[in-house]
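To start, the structure under review is shown below, and the notes come after it.
Any read-out appearing in this document is the output of simple, stated calculations on the displayed coordinates, not a laboratory observation. This is a predicted model, so every value here is computed, not measured. Glycine gets a Cβ as well: all are built from the backbone with ideal geometry, and neighbour counts include every protein chain shown.
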Amino acid sequence: EPEVTQTPSHQVTQMGQEVILRCVPISNHLYFYWYRQILGQKVEFLVSFYNNEISEKSEIFDDQFSVERPDGSNFTLKIRSTKLEDSAMYFCASITRLDGYTFGSGTRLTVV
Amino acid sequence: GQQVMQIPQYQHVQEGEDFTTYCNSSTTLSNIQWYKQRPGGHPVFLIQLVKSGEVKKQKRLTFQFGEAKKNSSLHITATQTTDVGTYFCAVLDPGNQFYFGTGTSLTVIP
């Protein structure tokens, strides 16, 4: 079964540092998403990406966040200057059409 | 974003008992999806409901979409310890991405 791959599985960073979370979506999928989940809370939408540009973003996705698809396979989420409240599980998801998302196993980001 | 309420937030059941979680919206939904997240895991897609009054079954799981398309339920018959996890509904925002409900955390006591 095709998988969405995320790296690293766990990232610890100091407050104010930049982090890049990486995702390899399923190869024939067209829509890519980042979600986050603060420990014990619900899954929150951050951003959707289609045709090499952002199609929608939430209020959480402020100027500190950016996404890129630098090549044909990787999909990255960058946080420029991390804050303590950015500590969360970040999930990448991809989809071919309006069907169930396939989520990656996530990156646990800990900001200290 | 779209707002959905899920109840209950937590549910503890004895193994073999039934379990139901409900997802409610104040607006009419185009469709609804259900996901299961095991402790420490990622959300896994279970099903999508589209039609008014739709009922779908997956083994011991029964999913229902309300007639008015404003609510949905997931019912598990005769729970097993493998059913442990958090069950989320997700609804489609006009911007065409899914917003997740608050989830129901299920604990099954052996």
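Just a few scattered comments:
- Filtered trypsin sites (Lys or Arg not before Pro), the range A:1-80: DSSP coil and at most 14 other beta carbons within 10 Å: A:Arg80
- Once the Cβ-Cβ distance of A:Asp62 and A:Thr7 is raised to the sixth power relative to R0 = 25 Å, the FRET efficiency obtained is 0.55.
- Rounded to the nearest whole Hz, the Karplus-based 3J(HN,Hα) values (6.51 cos²θ - 1.76 cosθ + 1.60, θ = phi - 60°) of the range A:106-112 follow the sequence x, 10, 8, 9, 10, 9, 10, with x at glycine and proline.
- Backbone geometry of the range A:23-37 corresponds, through the Karplus equation with coefficients 6.51, -1.76 and 1.60 at θ = phi - 60°, to 3J(HN,Hα) couplings of 9, 10, x, 5, 4, 9, 7, 10, 10, 10, 9, 10, 10, 10, 9 Hz, x marking Gly and Pro.
- When DSSP beta bridges are restricted to pairs lying wholly in the range A:5-111, around 90% turn out antiparallel.
- GluC sites (Glu not before Pro) lying in DSSP loop within the range B:1-57, provided at most 16 other Cβ fall within 10 Å: B:Glu15, B:Glu17
- Built amide H within the under 5 Å cut-off of B:Lys69, gap 5+: B:Gly53
- Net charge over other residues, Cβ less than 15 angstrom from the Cβ of B:Pro110 (K, R count +1; D, E count -1): -3
- Kirkwood-based shape ratio for the range A:1-109, expressed as Rg/Rh from alpha carbons: 0.93
- Taking B:Phe88, B:Phe63, B:Phe45 as the candidate residues, the one with maximal mean-square fluctuation in a Gaussian network model of chain B, Cα springs under 10 Å, is B:Phe45.
- Restraint check, A:Lys57/B:Lys56; A:Lys57/A:Lys78; A:Lys57/B:Lys70; A:Lys57/A:Lys83, Cα-Cα greater than 21 Å: A:Lys57/B:Lys56; A:Lys57/B:Lys70
- The calculated FRET efficiency for the pair A:Gln17 and B:Thr27, based on their C-beta separation and a Förster distance of 41 Å, comes to about 0.50.
- Residue mean of other protein chain beta carbons inside 10 Å, A:101-108: 4
- The ranking of A:Asp86, A:Asp99, A:Asp63 from fewest to most other beta carbons within 10 Å of each one's beta carbon is A:Asp63, A:Asp99, A:Asp86.
- Cβ-placed point charges (K, R +1; D, E -1), dipole of the protein assembly as shown about Cα centre in debye, nearest 20: 320 debye
- Put simply, the Cα atoms of chain B extend 42, 28, 20 Å along their principal axes, the longest span coming first.
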